[in-house]
Each structure stands twice: as C-alpha cells, then as structure tokens.
Amino acid sequence: MSSFMQNAMPPIFRFFVSDDSGAVTVDWTVLSAASVAMSLATVGVLNGGLQSVVSRVDAELREQQMSDNFVQFTSAHFQPLYQHNLATAEQAELAYDAANTMMNQEIIDSLQAGIQKMEAGQLTQDEVITLLGLASVARQRNILDPEMLDYYFGVDGGAGVINLHI
C-alpha cells in the first residue's frame, strides 16, 4: 500500500487493512465460491460442444443396422415335422424366414400365445410350423431360456411337448 494511502486513512482503518489474521472460514468461503463459479463457467462453455457430440453419436447409432447374420436356418430344429410328414423343408424355411424378420419381443409374445394354444390343444398344422420357426430363431438369438425352448419345442433334438400335439 502506498505511503500516501496510509497517511490519508484513519489509524483504525489502516489497522484493519494491514491485519492478516482472521477466520479461515472466510478464505474457504471465497475459494469455494470461486471454484463453483469456475465449474459453472466450464459447464456453460462445454455444453454446446457436448450437445454436438451427443447428437453426432446418436445419429451414428441410428444409422447402424444390427445384424442377425449369425442366425441361420437349422433344418434339425424341424425334424419332428419332417418325421410326421407335416412340413417340407421349404415350408420350414419359410416359417424360419418369417420369424427371423420379427423383433425379439414379437417372437417372445408369439411363442407365449402359441404355448398357451398348445397347452389348450388348439394348434393347427400351420401354427405348429410357425411355432417351430419362432423357437428356432429364439434359440439362436438367445432371447429365451434354452431349457424352456427344448422342453416345449425340442429344438436340441429332444422330444418336446410339441411332439404330443403333432
């Protein structure tokens, strides 16, 4: 502080300005306020850039197509139908292709409805073919418990409850 300022101030004010002892909480309050202010300023600066990145990532993800190329027609899943002359390989493949175009939740819902009809003894021959196509796709996509699929449909070569309804 300049000597002119020191001479112009009353002694009590000079003492107050030159005294560096005091409560530490004042220092921490000022430092905390400065930290919060800098954090808010940083968020304000980065917000526009982050929105741009988020929208670009969102656009990229929406453009990507998920592939089910690993799911292939498996003739063995339809073996009970072949043995009872209820379906040809072409009919089985058509049922598989139709099931493979469905979303996972649609497959689950259709299988649930089909199992209910199976247990009530109300399945038609076409519905049996459709159910086996759904079960084959569900097994390969791993969207349902394999033991449940084996129990009802015998997709692993087991008997399956569906054989009782053929």
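The values are calculated or read from the model by the stated rules, or taken from the named source; none is laboratory data. None of these values were measured; they are calculated from a predicted model. Positions of Cβ are backbone-derived with ideal geometry, glycine not excepted, and every protein chain shown enters the neighbour counts. Heads up: the accessible areas ignore ligands, DNA and RNA and are worked out on the full protein's heavy atoms, side chains in. Shrake-Rupley method; radii C 1.70, N 1.55, O 1.52, S 1.80 Å.
Key figures for this structure:
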{"item": "The stretch 55-83, subset open to solvent by less than 90 Å² (accessible area, probe 1.4 Å) and within 21 Å of the chain's Cα centre (by Cα), residue farthest from residue 132 (Cα to Cα)", "result": "55"}
{"item": "Leading residue by the ranking (nearest to residue 71 (Cα to Cα)) among those in the stretch 84-113 that are open to solvent by 60 Å² or more (accessible area, probe 1.4 Å) and part of a loop (DSSP other than H, G, I, E, B)", "result": "101"}
{"item": "In the stretch 1-26, the residues that are open to solvent by 90 Å² or more (accessible area, probe 1.4 Å) and either small (Gly, Ala, Ser) or at pLDDT 70 or above (or both)", "result": "11, 12, 13, 15, 16, 25"}
{"item": "Those residues of the stretch 114-145 which are of a type outside the set (Val, Ile, Thr), outside any loop (DSSP other than H, G, I, E, B) and open to solvent by 50 Å² or more (accessible area, probe 1.4 Å), in sequence order", "result": "116, 117, 119, 125, 126, 127, 139"}
{"item": "Residue within the stretch 146-155 that is within 15 Å of residue 78 (Cβ to Cβ), part of a loop (DSSP other than H, G, I, E, B) and at pLDDT below 85 present", "result": "yes"}
{"item": "Checklist (1) modelled with pLDDT of 85 or more; (2) among the polar types (S, T, N, Q); (3) assigned to a loop (DSSP other than H, G, I, E, B) applied to residue 69, failing item", "result": "(1)"}
